[in-house]
Amino acid sequence: MSGRLLEITQLSKRFGGVTALDQFEMTVNRGEILGLIGPNGSGKTTSFNVVTGIYAPSQGKILFDGQDITGFTPQQVYKAGVARTFQRSRLCLPLSILDNIMIGNYGRLSKGLWFNLINRRAFQAEFEEGFDQAQALIRTFSASLADRMFEPVGSLPMIERRRIEICRALISRPKLLLLDEPSAGMTHDETKQLMDDILDVRSRIADLSVVIIEHEMGVIERITDRCIVLNYGRKICEGTYGQISTDPEVQQAYLGAE
Amino acid sequence: MTAKTLDLPKKSWLGLPALAIGLIFVALVTVYGWLFLHAESEMEVLALLVAAAIGVVAGTRSGATRNVSVAMNQHSGIMNAAIIGGVLVVIGLLSQEHFSLLMLTSVLLYLTAALGLNVQFGYTGMVNFAGAAFFGIGAYTAAVMTMHTGVPPLLILLCGGVAAALIGFVLVLPVVRTRGHYSAVVTIAFAVLFKTFLEVNDVLGGPQGLTVGSMSILGWDFNSSPTLFGVEMSFYVNYALLGTVLAAVAFMFTRRLERSWLGLTLDSVRLDETASACFGIGVTRAKILAFTFGNVLAGTAGALYGMMISFIAPTSFTFSDSLLLVAIVLLGGMGNPWGTAVAAAIVVVLPEKLQIIQEYRFLLFSVLVIVMLLFRPDGLLPRQIRTYIPGWRKQP
């Protein structure tokens with residue numbers, strides 16, 4: 001399969017008098033890693049929040065996998081096949097690694113009262129299946145985490161939390177993964193490890209498209225196929241890392257005019 | 001809020017298997033419960049309190065309590081049966097004493113209601129300051145139905161729960177549309193409204209209240225004294241037995257709810273609504289489920305409570321009583337049903353036993369809650385990591 005997975009056209013989001021996204025356009029192709037960069041406050045996270053339904057767009061259209069998902073609730077967007085991580089890790093810290101990953105799989109879990117409260121045999125079967133699935137997934141990131149499925153996430157260092165967050169997003173088998181600054185709060189070495197993980201995931205799940213918001217240009221250069229640069233809520237440039245890094249408008253946005 | 005995982009302790013206490021220690025523990029608690037409920041003088045009560053403090057310290061120091069937790073986790077079936085057996089033994093030992101049995105049954109019914117609150121508050125993060133109101137709805141339903149209909153009283157218990165759930169639906173709309181403190185304020189308003197409504201409503205007896213008919217199952221009237229081997233027992237034995245059944249069932253369902261995907265959903269909603277929504281979790285659905293579940297438990301417990309004390313008035317279901325229920329949940333440890341059980345026993349029995357406390361009980365419990373929140377915010381028995389299937393270990 002090839003072609004476009006996500007098409008955003010003329011998307012605007014205003015908060016009162018502030019225009020966070022201004023006629024924003026973005027296309028994500030199937031199987032690619034797209035970098036989303038721009039100075040602070042340029043609308044990167046807002047674009048994720050609008051796509052995932054946390055904010056309703058003021059204007060514009062979002063097409064995902066041939067379906068118009070403009071104005072969908074977060075639950076509907078998740079069902080359509082979009083999963084995300086958050087800028088400030090939003091895991092449930094008192095809950096176990098297993099719990100956190102299973103939350104990502106909510107769409108596939110049985111939610112009936114009879115199933116959960118009365119028919120415990122069936123529940124146990126589904127639980128064991130879910131446990132194996134979650135454990136296998138986390139093992140691809142970190143074998144040590146896989147042996148500690150019942151430990152609270154709050155006791156783990158940042159890089160492990162990011163890995164769990166990515167697993168929580170991946171277990172739903174999304175078509176599109178949105179990563180909001182996965183390297184935030186991590187050291188250089190940790191960032192490198194995490195990026196290795198992400199590339200590894202991509203190589204195993206051929207059809208997965210990833211959009212990644214990132215500030216570290218080294219990361220962007222290494223893992224993205226294509227980049228979009230935002231400034232003041234507008235797209236100012238698009239192309240490979242080589243193309244955008246030499247673009248005068250991009251340089252001006254980051255470094256200021258002479 | 002740090003939950004700890006349950007590891008096998010390095011060495012077992014006195015070299016005994018965990019299950020044996022668990023059963024000894026249940027036996028000790030049974031004897032203690034009997035002595036405490038039976039105690040007449042305040043000196044006895046104080047001595048027992050000191051003994052409990054020493055026991056807790058000794059148990060923690062020697063590692064015996066860890067073994068008890070392990071026993072609870074790995075042999076949950078036997079341990080639960082033993083605990084129910086313990087309660088039955090206490091009922092048997094106290095079978096002549098009206099007042100002790102009344103207290104014991106009150107503990108069991110308050111526990112049932114507090115378990116419901118635990119689901120709302122401890123799991124889902126919805127503070128319900130109208131617990132006593134839902135308890136009261138159950139009691140008033142029982143009063144009206146026992147006096148004016150021929151519905152079998154056992155069914156009336158369920159009707160009490162259903163009535164509480166239905167009235168809860170009216171409240172759920174503003175509760176779900178608001179968050180945190182605001183939804184707490186909605187429930188406070190409801191609690192006050194409920195009592196005022198009862199006081200001015202003549203159909204429901206006004207401030208004088210209503211008489212409630214007794215419980216009876218297939219001709220077995222609960223208000224008549226049962227005899228066993230020719231010995232006449234207090235009629236409260238009937239209520240204590242049914243209270244035990246009710247609390248056990250409520251406990252089982254609360255536990256199962258926690259140890260299921262639904263419980264996971266509730267926790268997720270409490271901890272982060274936005275992230276929950278991004279993973280498809282219906283936040284409103286989860287809140288309605290938890291609110292209704294809790295109200296059904298409170299209403300059912302209230303219905304049996306009404307039948308037991310056979311006379312109810314608005315003053316039995318005030319805002320202060322709701323606070324007491326919230327205090328039980330906080331004191332025991334949010335989200336831990338065993339903690340709720342311990343706290344229910346303390347909050348209900350202690351003021352009855354120590355007359356000095358009786359007058360100041362609301363003051364003392366307020367102070368206790370503040371002290372707990374400051375120094376031990378996870379409660380007496382902090383909640384543990386969710387084990388979906390007790391004793392489950394992955395087959396290698």
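Values quoted throughout were computed directly from the atomic coordinates according to the rules given, and no laboratory measurement underlies them. Remember, it's a predicted structure, so these values are computed and weren't measured experimentally. Please note: Cβ atoms are built from the backbone with ideal geometry, for glycine as well, and neighbour counts cover all protein chains shown.
Kindly point out which whole DSSP H helices in chain A project their C-alpha atoms 15 angstrom or further along the helix axis while averaging a Kyte-Doolittle hydropathy of 1.0 or above.
Working: long enough: A:120-139 (27 Å, -0.72); A:158-170 (18 Å, -0.12); A:188-204 (24 Å, -1.20).
Length and hydropathy pass: none found.
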| query | Which entries in the list A:44/A:235; A:175/B:394; A:79/B:287; A:44/A:175; A:111/B:287 go over 22 Å, if you measure between the two C-alpha atoms of each? | reply | A:175/B:394
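If you place +1 on the Cβ of every Lys and Arg and -1 on the Cβ of every Asp and Glu, how big does the dipole about the Cα centre of the stretch B:101-336 come out, in debye to the nearest 20? Numbers along the way, then the final one.
Details: 9 positive and 9 negative charges, 116 e Å.
Roughly 560 debye for the stretch B:101-336.
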| said: Between the stretch A:241-256 and the stretch B:151-228, how far is it from one alpha carbon centroid to the other, in angstrom? | reply: 68 Å
| message | Tell me which of B:366, A:69, B:181 sits at the most positive position along the dipole axis of the protein assembly as shown, charges placed on C-beta atoms (Lys, Arg +1; Asp, Glu -1). | response | A:69
| remark: Stokes-Einstein D for chain B (4 °C, 1.567 mPa s, Kirkwood Rh from Cα pairs), in µm²/s, comes to 59 µm²/s
| field | Spacing of the two label points (7 Å from each Cα toward its C-beta) at residue A:25 and residue A:251, in nm | value | 2.5 nm
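With 10 angstrom as the radius, rank A:30, A:173 by how many other C-beta atoms surround their C-beta, starting from the fewest. Kindly include the intermediate steps, with their values, before the conclusion.
Values: A:30 17, A:173 14.
Ordered by Cβ neighbours within 10 Å, fewest first: A:173, A:30.
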| request: Using only the alpha carbon atoms of the protein assembly as shown, find the Kirkwood hydrodynamic radius as the inverse mean reciprocal pair distance, in angstroms to one decimal. | output: 27.5 Å
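Tell me the net charge near residue B:136. Cut-off is 13 Å between Cβ atoms, residue B:136 excluded, with +1 for each Lys or Arg and -1 for each Asp or Glu.
Summing Lys/Arg as +1 and Asp/Glu as -1 gives -1.
What is the extension gain from residue B:211 to residue B:193, computed as 0.36 nm multiplied by their sequence separation minus the C-alpha to C-alpha distance, in nm to one decimal?
Details: separation 18, 0.36 × 18 = 6.48 nm, distance 2.19 nm.
The residue B:211-residue B:193 span can extend by a further 4.3 nm.
Give the order of A:187, B:244 when sorted by the count of other beta carbons within 10 angstrom, beginning with the fewest.
On the way: A:187 11, B:244 18.
Least crowded to most crowded, the residues run A:187, B:244.
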| Taking chain B as a Gaussian network, where each spring joins two C-alpha atoms under 10 Å apart, which residue of B:224, B:41, B:366 fluctuates the most? | B:41
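Could you line up A:147, A:22 from fewest to most neighbouring Cβ atoms inside 10 Å? Display every interim value, and only then the final one.
Working: A:147 12, A:22 19.
If I rank by nearby Cβ atoms, fewest first, I get A:147, A:22.
Hull surface divided by four, with the convex hull built on the Cα atoms of the stretch B:242-396: how many nm²?
Values: hull surface 49.3 nm².
For the stretch B:242-396, averaging the hull's shadow over all directions gives 12.3 nm².
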| query | Is any helix in chain B, taking whole DSSP H runs, at least 27 angstrom long along its axis by alpha carbon and on average at least 0.5 on the Kyte-Doolittle scale, and which ones? | reply | B:18-38, B:42-62, B:98-117, B:153-177, B:180-200, B:236-258, B:283-309
| query | With each label point set 7 Å from Cα along the Cα-Cβ vector, what nm distance links residue B:363 and residue B:392? | reply | 5.0 nm
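Report the percentage of all Cα-Cα pairs in the stretch B:101-336 whose separation exceeds 26 Å, rounded to a whole percent. Numbers along the way, then the final one.
Numbers: 10069 of 27730 pairs.
Across the stretch B:101-336, Cα pairs with separations above 26 Å total 36 percent.
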